[in-house]
1. Conditions first: (1) under 28 Å from B:VAL84 (Cα atoms); (2) out of contact with any Leu (no Cβ under 7 Å at 6 or more places or on another chain); (3) of a type in the set (A, V, I, L, M). B:VAL279 passes all but one, so which condition is the exception?
2. Which residue, of A:SER261, A:SER271, is closer than 22 Å to A:LEU40 by Cβ and modelled with pLDDT of 95 or more?
3. Return the only residue of A:ALA318, A:ALA356 being among the aliphatic types (A, V, I, L, M) and part of a loop (DSSP other than H, G, I, E, B).
4. A:PRO357: over 14 Å from A:LEU207 (Cβ atoms) and within 14 Å of chain B (Cβ to nearest Cβ), yes or no?
5. Among all residue pairs at least 6 apart or on different chains, which show Cβ distances below 9 Å where the first residue, located in region A:317-346, is over 24 Å from A:PRO301 (Cα atoms) and free of Cβ contacts under 8 Å to residues at least 24 places away in the same chain and the second is polar (S, T, N, Q) and assigned to a helix (DSSP H, G or I)?
6. Quickly run through region B:1-49 and pick out the residues that are out of contact with any Pro (no Cβ under 8 Å at 6 or more places or on another chain), part of a helix (DSSP H, G or I) and exposed (fewer than 14 other Cβ atoms within 10 Å of the Cβ).
7. Tally time: how many residues in region B:169-200 are open to solvent by 10 Å² or more (accessible area, probe 1.4 Å) and assigned to a helix (DSSP H, G or I)?
8. Tell me, yes or no, whether region A:212-220 has at least one residue that is surrounded by fewer than 19 Cβ atoms within 10 Å (Cβ to Cβ), hydrophobic (A, V, I, L, M, F, W, C) and at pLDDT below 95.
Amino acid sequence: MSEQTAHLAVDRLFEAPAPHLTVEFQGGEPLLAFPMIQLLTRLIEDRAALEGKRVTFTMTTTLHHASDEILGFLRDHDFQVSTSLDGPSDVHDNNRPLPGASSYQRTRQAIERAKAVLGTERLSALTTLTRRSLQAPEPIIDEYVRLGFRSIFLRPLSPFGFAVRSARKLAYPTEEYLAFYERGLRYILELNRSGIQLEEAYAATLLRSILTPFPTTYSDLRSPVGAGFGTLVYNYDGSVYASDEGRMLHEMGNDSLRLGSVQQSYRELMSSDTMRMLAATGLAEALPGCSDCAFVPFCGPDPAGSISRSGDPVGHRANSEHCQRHIGLFNILFAHLAEARPEVLQTFTTWVHRSAPLRLAA
Amino acid sequence: MALPLHTRCEATGNLPSLPLKVLSLGEMLEGQYPLDRTLIDLRENADLVDLTALASLGVAAVLLMIDPGNAPLPSLYAVRNPAVIAPGDVIRVRDNGQINVLFRRAANANAVFTTERCNSRCLMCSQPPREIDDTWRVREILDLLPLIDRDLQFLGFTGGEPTLLGSGLCEILSAASTDLPSTRFHVLTNGRTFQDSDYAAQFGNVSGRVTWGVPLYADVAALHDYVVQAPGAFAETIDGIYNLGELGHRIEIRCVVHAQTLPRLQKLGEFIYRNMPFVSHVALMGLEPMGFAKGNRDLLWVDPADYKEIVQDTAERLQQSGMNVSLYNMPLCTLDRWAWPLARQSISDWKNNYAPECEACEVRGSCAGFFQSTDATWRSRNLSPIRPTEVAV
C-alpha cells in the first residue's frame, strides 16, 4: 500500500458514521509491511483522538515475522492478535508446508514469544480445517487446550481464494464438516464439564444471537448483510471492497463486490451500484428460501457466496453451502438447547455472556 | 432503630405553616438557610440564649424543653418523643401540635411523599391510596426542598402515584435538581402516565438525575393487570418504560414477590432481559405486610423458604446476562450464601426491625432484617441466626 493510499483510506475510514471502529489488518502477511502498519496505526490514532471516536485494532498474522520490537508495538497499541493454528504438528504442517522447515514449530515458538509480550488476553488462534483435519477433532482441540487458549473456532474452509484452486485436495462436503463439528462440540462440552474452560467460538456467536436480545456483530450472519453495511475492505492497491470475499472474488476476476477506490468519498462509495445491489439482496428476511426459514432471526444472507457459486447475489438455497452449513449448525445447537442438560446450558450461558453464574463464581 | 416520623408537642405563638429546618445555634450562624424558615433547637442550651435577640434576627421559632412563658417568638416544647426531632431535620407542625418529619438528616434513606392519589390498586399496596385533592403538597415540597441538606446523596419521591401531579411533578424535580445540585433522585412510579410521550418529554431537563422505579409484575398483560387491579395497565407501563428509555432516562424495574407473581417470575426475568435490557437495575422484593397486603394475605403469602429457589434463579440469570440485580427486603438466613452479594439492606430505618432470633446472628449488621409490620406470622419458617462458624469460609 502506498502512503497516499494509506492517507486516503484513513480519510474514508473516518467518514463512516460509526462511533466505534474496528480496524483489522490482514494480508497476505501484514507483518511483511510492518512500516505501513506503524504509519496507519499512528494516522488512525491521531485522527480518532481528534474526532472523539473509539478504535480497536486487530491483526491476523502467522506471527513468524513478529520480532520483540513488533510485538511490543502491538502491545503498546492494544492490538487483538489472531494467528493460525490448525492443530498438532502433523495436521498443521500438512496444511502449511514450509520448504525445509516445520511451520508448526515456528508457529509454536511465535505463540510463546507473543504470549510473553502480549499476554494471553490479546492473543487468539484460528483453525483452518482441511479434509485432513476432519479425521478427528479431538487432537486439534487438545492442542488448543495444551497451549492455554480459551477459545477455538471450528470453522470450515472458506470457499474462496487459494482454497478454491486447491479444492480437490482440501475441500469436503458440508455434511462431513457438520459431523466433525458435532463431534468436536460434544468433546468441548465434555471438557467444560470436567472444568477445562474452552469456548467454541462458532457456537458462542450463534448462541449469542439465539439467547440474547442483541444483534450479532459477526459479519457473516448479519441481516442486513454485513458486507458493505458493517465492513469495508481497503485493498493495498486502493480498491475498496464490501468484504474480504470481495477482494478474493476480484482475484478470481469478478468485481461484483468492488465499491470503487479510496479516492472517492465515503458517500460516493456507499451509493455505488455495488452497495445498491447489496441493499436490494442483503436482507435475509426477504430472500426466497430464507424468508420462511425458522432460523432466519439468527442468520444472515450470503451475497458473496451466491455470486461465486451462481453468479447472482440472491442465489438458490438448495445449493448454498452457507445455508446448508448454518441450518446444520442451528440444528445441532437447538438439539442441545432442547435436550437442556443443565451443565451444557450452563456452559452455553457462560460463553454467551462471557461470565460465570454467581453460584459458581462465589 | 425504627424511630417514628411523627410525634406531638405543645406550641405557643404564631408558627408559620411552612416546613421548618431544625438547626443548632452553631449551624444557624453558618447562615446556609433563610432564618425565617429555621427552628432553633435550644433544648440543651436554652439558658445561654437571649430569645429576644433571636426574635430580632428573624428566626421563625425555637424548640425548648419547657414552656418559656411569654416568649418573644413562636416556641415548641414538651415534645412527646424528643428523639424524633434532631438538628438538620425538616419538620412540619400542624395547628393541633402534630409534628411530621419531612426530612431526617440521620436517616439511611429519605423519601418525599408526593400524593395519596393513585390510578392502580395493587393487591399488596403498603400505602393504600385515597382519592383526595392533595395538590397542596406540590407547594409544600417546593418549600421543603431548599431546606434539605445540600450534601444529601440520595432522595426518593414516593406516593401514591407521583405522575398524577402532572406538571407539578416536573416542577418538583426541576426545583430539586437546582436546590440539591449533587443529589441523585429516585421516583417510584407505575409508569402508566409516561405512555404519553409528550408528558415524558417534559422531564428532559432531569434526565440522568432521576432513576424511575417502575414495578412490573408479569411478562403477560392479564397477570400484571390483575396484580395492579387496573385493566390496560401493563400496556401503558410498557409504553411508558420505552418512552422514558428512548429519552435516555435511568429506569429500575421492581417486582414484589408473592403468590401471584412467583409462578411467572423467571419468565418475567427473561422478558425484562429480552425486551428492556437498557434498564439500569432490577429489584426483586419481599413483601411489606402493610395496607392492602394484610387484607390480601390469602392471595399473597408464600414463605420465603418456598420462593427462594425461583427468586435466586431469576436473579442469577439476570445478573449473568449483565443486568444489575438486587434482592430487597429478604433476610440473609432465607437465602443461599452465594446469593448474599445480591441482597441489600433495603428497608428505611424508621420502619426497620429485627426478630428476637436475630440477637444471636453474626450477619445481622449486613442483613435487611424486617419491616416493623412483619410480625411472626409473616416471617419465614427458615428464620435462624447465622452462627460465627458458618460465616468463616
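The values are calculated or read from the model by the stated rules, or taken from the named source; none is laboratory data. Since the structure is predicted, the reported quantities are computational estimates derived from the model, not experimental observations. All Cβ positions, even for glycine, are placed from backbone atoms using ideal geometry, and neighbour counts span all protein chains on display. To get the accessible areas, we keep the full protein, side chains included, count just its heavy atoms, and leave off ligands, DNA and RNA. Shrake-Rupley method; radii C 1.70, N 1.55, O 1.52, S 1.80 Å.
1. Failing condition for B:VAL279: (1).
2. Result: A:SER261 is the single residue among A:SER261, A:SER271 that is closer than 22 Å to A:LEU40 by Cβ and modelled with pLDDT of 95 or more.
3. When all the criteria are applied, what remains is A:ALA356.
4. Yes.
5. A:GLN346/A:ASN192
6. Once the filter is applied, which keeps residues that are out of contact with any Pro (no Cβ under 8 Å at 6 or more places or on another chain), part of a helix (DSSP H, G or I) and exposed (fewer than 14 other Cβ atoms within 10 Å of the Cβ), region B:1-49 yields B:GLY26, B:LEU29, B:GLU30, B:ASP47, B:LEU48.
7. 13
8. yes
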